[in-house]
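What follows is calculated from the coordinates using simple rules that are stated; it is not laboratory data. A quick note: this is a predicted structure, and the numbers were derived from the prediction, not measured.
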Amino acid sequence: MLEILGTIGSNLLGLPGVLGLAVGMTTRNIGLASALGGIVGLVEAMLFAGLSVAHLTTVETLFSVTVGIVAGFCGSLIRRQGTTV
């Protein structure tokens, strides 16, 4: 259980969370922002696996992509809300 919580926390504070939010803030299209966030999460998982598909773990990749999608979505919502103020 602690390993899963550590994986989620590291992804939230790592590249998928921070860079996914930044990429999401570049567009107002929620679908595009979520897709770009997911790509950021997948690239981050590949980088830490040494660019080898054999070293990817399913759980870490799943959490990384999910956090990237949610961060991109939140970034797009921040952008949309900021333009209406």
Restricting to DSSP H runs of at least four residues, report the calculated mean residue ellipticity at 222 nm for the chain, -39500 (n - 2.57) per run over all residues, nearest 500 deg cm²/dmol. -27000 deg cm²/dmol
Working from Cα positions, state the angle (0 to 90°, nearest 10) between the long axis of helix 2-13 and the longest principal axis of the chain. 40 degrees
Using a Gaussian network model on the chain with a 10 Å cutoff between Cα atoms, which of 63, 73, 48 fluctuates the most? 48
Restricting everything to alpha-carbon atoms, can you work out Rg to Rh for the stretch 16-84 with a Kirkwood hydrodynamic radius? 1.08
Assuming 0.36 nm per residue, please report the length gained on full extension of the stretch residue 1 to residue 35 beyond their Cα-Cα distance. 9.4 nm
